[in-house]
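Here's the structure, in structure tokens; my notes come after.
The values are calculated or read from the model by the stated rules, or taken from the named source; none is laboratory data. Only a predicted model underlies this, so the values are computations on that prediction, with no experimental measurement involved. Cβ coordinates were reconstructed from backbone atoms using ideal geometry, including for glycine residues, and neighbour counts include every protein chain displayed. Ligands, DNA and RNA are excluded from the accessible area calculation, which covers all protein heavy atoms including side chains. Shrake-Rupley method; radii C 1.70, N 1.55, O 1.52, S 1.80 Å.
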Amino acid sequence: MTLLPIPDALDRLFALAAPVAAEEVALADAHGRWAAADIHARRTQPATDLSAMDGCAIRHADLPGPWTLIGESAAGRAFAGTVGPGETVRIFTGAAMPAGADTVMIQEEVAADGTAIRLTGEGPPARGRNTRRRGLDFTQGDPLIARGERLTPARIAVAATGGVGTLAVNRRVRVAICATGDELVEPGGAHDPAALPESNRAMLAAMLADLPVELIDLGILPDDLDTLRDAFAAIDADLLVTTGGASVGDHDLVRPALEAAGGSIDFWRIALRPGKPMMAGRIGRTSVLGLPGNPVSAFVTATLFVRPLIAHLGGAADPHPRTTHAILGEDLPANGPRTDYLRAELRDGRAFASTIQDSSMLLTLARSHCLIVRPIDAPPARAGDSAEILVIA
């Protein structure tokens, strides 16, 4: 069977289902969601000319002074009058510029003797100095956030300042997770030496904690076709993520159980190391991702496929994984017919691949900061070369 390249697998994965429905939420509930519509400013910021410093507001034409102090302007308490020739107003950062004034002399550059104010700085300020003009940040109607952009803290702040109180976002994605395997037991308790503490569910929950999801934990399911079929048939979620049982062994029952429950497989086996036996399909309205049971393989496939699929379902304009680059700290051999994701540490700005890349070694993953991406049939790489990496810690 031909292995599916990762870009093609992602394209087919995103085609399985459209983004979930939108809802209107308060700003406090919008963090981490994706905007379901373009967001425009409902007000101008700043709405009037403001002072950028503490000092004295003057008419630039009156330089070099002196001036007579006639009042004060503070944030939220603007001076009500007009600054005339030879007059000044004490002003504070964020306060509205009084009518007639166009420049602020900072307080360190002036001296006061009662209401008499004179300039003591090295030179007169330029016209408009130390002021923030109306609309400096944005004006009413300006685009603030585009549909499909993630609502970060800064974007929530700009929406609030723009007079937006609620946002249209895609609802949280319902994600069901289960692990399969007769050898698996819950971690932390006493168990037979032949048993294996199940780690994938906790790992996946942690990997998705920053995403707008509603997690449904289906627990550990046995290697039993009827049990798996019934569990899959009862799914009420946007996405089902299974770990284990995705290969072709006698006890790898996820694929036949999914088909027995009325589901279908869209693709299976990726040109990827680790994680080749991942599969994707649907059952009813639910997208399905069957990850390998090996925790390192499950981690890599969750990074490359589960998180991007959730981003797609959540309405992201660009749900693809984001990579960056680092300088290699040592030579790497030529790569083979699968894209390889090498666990690596970042030391002094350089990436060093772990000596042993056996996919069973979780401690190596736990100590890694990134995955070095080695494309299909990549030639040998040398220390000092730039390499694509995917940051994981």
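Using a probe of 1.4 angstrom and keeping all protein chains present, the accessible surface of the chain works out to 47 square angstrom per residue. State the Cα centre-to-centre distance between segment 328-383 and segment 121-172 in whole Å. Rounded to whole Å, the Cα centres lie 42 Å apart.
Ranked by solvent-accessible area (1.4 Å probe, protein heavy atoms only, all chains present), the residues S360, S354, S73 order from largest to smallest as S360, S354, S73. The phi torsions of segment 281-292, fed into the Karplus equation with coefficients 6.51, -1.76 and 1.60 and a -60° offset, translate into couplings of x, 9, 9, x, 8, 9, 6, 10, 10, x, 8, x Hz, rounded to whole numbers, with Gly and Pro shown as x.
Give me the orientation-averaged projected area of the Cα convex hull of segment 76-124, in nm², one decimal.
In nm², the orientation-averaged hull projection of segment 76-124 is 3.8.
Across all Cα pairs in segment 133-284, the calculated P(r) in 10 Å bins from zero up to the longest distance comes to 9, 29, 26, 15, 12, 6, 2, 0 percent per bin. Calculated on the alpha-carbon coordinates, the convex hull of segment 299-356 measures out at 118 cubic angstrom per residue. Centroid-to-centroid, using Cα positions, segment 55-93 and segment 196-254 are 68 Å apart. Modelled spin labels at S264 and V185, positioned 7 Å past Cα toward Cβ, are 4.2 nm from each other.
Carbon-plus-sulfur accessible fraction, the chain (probe radius 1.4 Å, protein heavy atoms only): 51%. Beta-bridge orientation, the chain: approximately 65 percent antiparallel, per DSSP, counting only bridges with both partners inside. Computed from label points 7 Å out along Cα-Cβ, the spacing between Q140 and S199 is 5.8 nm.
Its alpha carbons considered, the chain gives a radius of gyration followed by a Dmax of 30.2, 94 Å.
Shown in residue order for segment 208-219 are the 3J(HN,Hα) couplings computed by the Karplus curve 6.51 cos²θ - 1.76 cosθ + 1.60 at θ = phi - 60°: 9, 4, 8, 9, x, 10, 10, 8, 10, 8, 8, x Hz (x for Gly and Pro). The gain in end-to-end length when the L69 to D377 segment is fully stretched comes to 103.2 nm, 0.36 nm per residue minus the alpha carbon separation. Sorted on the mean count of surrounding Cβ atoms within 10 Å across their residues, most packed first, peptides 96-104, 180-188, 18-26 read 96-104, 180-188, 18-26.
Relative to the Cα centre, what is the charge dipole magnitude of the chain, using +1 at the beta carbon of each Lys and Arg, -1 at the beta carbon of each Asp and Glu, and rounding to the nearest 20 debye?
About 1160 debye.
Along each principal axis, taking the top coordinate minus the bottom one, the Cα set of segment 121-184 gives 82, 31, 16 Å in descending order.
In this rough spin-label picture, where each label sits 7 Å from Cα along the Cβ direction, the Q357-H320 distance is 2.2 nm.
Based on Cα atoms of segment 243-308, Rg over Rh with Rh as the Kirkwood radius reads 0.95. The helix-based estimate of mean residue ellipticity at 222 nm for the chain, built from -39,500 (n - 2.57) per DSSP H run of four or more residues and divided by its residue count, is -4000 deg cm²/dmol to the nearest 500.
Using the alpha carbons alone, the radius of gyration of segment 159-230 stands to its Kirkwood radius in an Rg to Rh ratio of 1.22.
Using the Karplus curve 6.51 cos²θ - 1.76 cosθ + 1.60 with θ = phi - 60°, what ³J(HN,Hα) values do you get for each residue of segment 156-166, in whole Hz, with x for Gly and Pro? Coupling constants for segment 156-166: 5, 5, 5, 5, 4, 5, x, x, 8, x, 10 Hz. Comparing Cα centroids, segment 268-321 and segment 11-49 end up 24 angstrom apart.
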